[in-house]
Amino acid sequence: MQPLAVDARRSRPADCAPDSPFPPRRVMFGAREGQAMAIERKKPLDVAARVARRRAQRPASRQPEGVWRRETYCLPRVEAREKALEWFDRCPKAAYMTEIEFWRELADGRIEFTIRRLPSAD
């Protein structure tokens, strides 16, 4: 492949469209006679695909389960309220983003709920 000629005034390849603000995807510049150096312009989609591919190749032991710490309880109504208040006292919402993620009342009157928080306050 022959190196492309470069217009020194515009610092873009001479065969690039003059009204195009973007250089071509792959440009070859000749460093010395017979040598060429490739400069590849990467699009954000290319970078995202590479990151996703590397993340999928990680072993399962290194895969994060998520940022949130969750715990599920199934308690009578009064004890469920006390447990939720204990969590909000120990891990305030402002610092840990603590919240009741899901709750429901079971047929026997107990409350099942999942509470979540961030692992630490920054």
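Read-outs: derived from the displayed coordinates by stated rules, not from any lab. Keep in mind the model is a prediction, meaning the values are calculated, not measured. Positions of Cβ are backbone-derived with ideal geometry, glycine not excepted, and every protein chain shown enters the neighbour counts.
Just a few scattered comments:
- Formal net charge of residues neighbouring Arg81 (Cβ-Cβ distance under 14 Å; K, R +1; D, E -1): -3
- With N the number of residues in region 69-117, Rg(Cα) / (2.2 N^0.38 Å) evaluates to 1.11.
- Given charges at beta-carbon only (K, R positive; D, E negative), |dipole| of region 69-117 in Debye: 200 debye
- Leu118 versus Leu85: modelled label distance in nm, points set 7 Å from Cα along the beta carbon direction: 2.7 nm
- Cα→Cβ-extended label distance, 7 Å offset, between Arg58 and Leu75, nm: 3.3 nm
- Two-site FRET efficiency, Trp68 against Leu45, from Cβ-Cβ distance with R₀ of 35 Å, rounded to 0.05: 0.75
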